[in-house]
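Reviewing the structure listed below.
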Ligand SMILES: Cc1cc2nc3c(=O)[nH]c(=O)nc-3n(C[C@H](O)[C@H](O)[C@H](O)COP(=O)(O)OP(=O)(O)OC[C@H]3O[C@@H](n4cnc5c(N)ncnc54)[C@H](O)[C@@H]3O)c2cc1C
């Protein structure tokens, strides 16, 4: 057994320490968020990177240099490292700030354009992404192709000066607001011996003739998802991303950026924070104002006033959060050194998204406050949003079952 374990590849890259400058950056972001909250600009929400679409907020971040951070300065970015970006994004998510508008463009479109885009494409999109003026979606999934992405049926046919796309994309988050998305399409007939060949990526402007965007409402009635139908949509040669036929390789390297970030374990962090607040205030109420330590001096988890069972449950959640963060940071460090650690990213996403659901379970079990989707803010609203969004945590970005298959294959176990 020990011998087998020592032969297995390392799952997670070496640990990474944040550079010293990170503390000052973190303090700046926190000060800005505190100002926004004091001005009543928004309330903390769960799963903000999916549902908190607020273009004003995105532009405020851009003005402070917190969008397109890793994009080189010649393309309007800030030439910062993925670790600097990590600090900013974890603070935004922990605060439950409305980051959905720029999320996809900032997280994966910028890096993909730097990696595979032409000079023209970089000049066209990167400065606008860094300015918070250009938002992107992801056009991968189709009605019969989710986990098995190689089976996409959207066709790209060669025409004079470009390609003509016909087919349907589905579950496209934010397509009704976004300016463009990367569409994965079959540009050559399917070859059963090599299913990953013949796929290509195209940059499709979502206001192009022949693009129809149809809403798919959530159970709450909110409009987040869409079906995007292409009817002979013309995409010029200049908007082919990377190489024709290399779509599979490009998409899978994009997924390393998509799967490993702090959004894969912090979607329910604002709920965890509200839970701690509810527990502390209920226990202080029960003991009376003079009993127990002050929250200000002792911190919410430090005082003896929380009962042992609840303290153990909260402590378990907080310590796992810390481990997940270390793993996710290690992946960010590996991305910084130019690697695309798909295997480690899959591990972070599997463990992190299960953790997000466990925060909800704890919130339901440890305090007796029912969820309230109609509340403007506070624990009951956070719980309601988290419960309603939870089914998507382990599905989006590749389902956990499929990720475990990737991990097993990568470790030589399959
Ligand atoms: C909130 C949310 C946002 C999304 N946003 C986008 C977006 O913006 N753009 C986009 O392109 N897509 C988006 N998606 C789609 C998402 O990527 C797909 O839902 C996901 O890849 C799964 O595909 P599917 O829904 O077709 O399920 P299926 O692939 O049909 O899977 C159904 C079930 O079968 C299991 N299964 C399938 N294959 C295997 C296997 N080989 N081994 C074991 N189990 C397997 C799965 O785990 C799952 O439980 C989003 C999804 C969600 C929930």
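Please treat every number below as a calculation from the coordinates, not as lab data. Since we're looking at a predicted model, the values are computed, not measured. For neighbour counting, all protein chains shown are included, and Cβ atoms are generated from backbone atoms with ideal geometry for every residue, glycine included.
Rank these for me by crowding, 71, 406, going from fewest to most other beta carbons within 10 Å.
So the ranking, lowest neighbour count to highest, is 406, 71.
Dividing the alpha-carbon radius of gyration of the chain by 2.2 N^0.38 Å (N being the number of residues), what value is obtained?
1.03
In whole percent, what relative contact order does the chain give with Cα contacts below 8 Å and a gap of six or more residues?
17 percent
Between residue 157 and residue 411, 0.36 nm times their residue separation minus their Cα-Cα distance comes to what?
87.6 nm
Under a GNM of the chain (C-alpha, springs under 10 Å), which listed residue has the highest mean-square fluctuation: 130, 46, 150?
150
Give the share of C-alpha pairs in each 10 angstrom bin for region 138-245, from 0 to the last occupied bin, in whole percents, shortest bins first.
Spelled out bin by bin, region 138-245 gives 16, 49, 28, 7, 1 percent.
When only Cα pairs under 8 Å and 6 or more residues apart are kept, what is the percent relative contact order across region 262-410? Please list the in-between numbers first.
Details: 130 pairs, mean separation 47.5, N = 149.
About 32 percent, as a whole number.
If I model region 370-411 as equal point scatterers sitting on the Cα atoms and use the Debye formula, what is log10 I(q)/I(0) at q = 0.21 Å⁻¹?
Values, matching the q order: -0.65.
Looking at the chain only, what percent of DSSP beta bridges run antiparallel? Nearest 5 please.
That works out to approximately 85 percent antiparallel.
Stick to the Cα atoms of region 262-410, pair each with every other, and give me the Kirkwood hydrodynamic radius in Å at one decimal. Don't skip to the end; give the middle numbers.
On the way: mean 1/r = 0.0592 Å⁻¹.
About 16.9 Å, per the Kirkwood formula over Cα pairs.
Go through 265-273, 219-227 and give me the packing order, highest mean Cβ count within 10 Å leading. Working shown, then result.
Numbers: 265-273: 26.1, 219-227: 15.2.
Taking the mean over residues of other Cβ atoms within 10 Å, the ranking is 265-273, 219-227.
With springs connecting C-alpha atoms under 10 Å apart, model the chain as a Gaussian network and identify which of 111, 217, 82 has the largest mean-square fluctuation.
Of 111, 217, 82, the Gaussian network model singles out 217 as fluctuating most.
Between region 354-414 and region 71-148, what is the C-alpha centre distance in whole Å?
24 Å
When a/c reaches 1.5 or more, the comparison of a/b and b/c decides; with that in mind, is region 97-150 rounded, prolate or oblate per its Cα gyration tensor?
Working: a/c = 2.83, a/b = 1.41, b/c = 2.01.
Oblate, because a/c is 1.5 or more while a/b does not exceed b/c.
Which angle between 0 and 90 degrees, to the nearest 10, do you get for helix 21-38 versus the longest principal axis of the chain when only C-alpha atoms count?
Between helix and principal axis, roughly 80 degrees.
For region 2-135, how big is Rg over Rh, using alpha carbon atoms and the Kirkwood form of Rh?
So for region 2-135, dividing Rg by the Kirkwood Rh gives 1.06.
Compute the acute angle (0 to 90°) between the alpha-carbon long axis of helix 119-130 and the principal axis of greatest extent of the alpha-carbon atoms of the chain; round to the nearest 10°.
20 degrees
Give me the angle, in degrees from 0 to 90, between the Cα long axis of helix 379-393 and the longest principal axis of the Cα atoms of the chain, rounded to the nearest 10.
Its long axis makes an angle of about 30 degrees.
If I take every Cα pair under 8 Å that is 6 or more residues apart in region 308-395, average their sequence separation and divide by the length, what percent do I get for the relative contact order?
The value is 23 percent.
Which of 38, 330, 362 moves the most in a Gaussian network model of the chain with Cα springs under 10 Å?
Ranking 38, 330, 362 by mean-square fluctuation puts 38 first.
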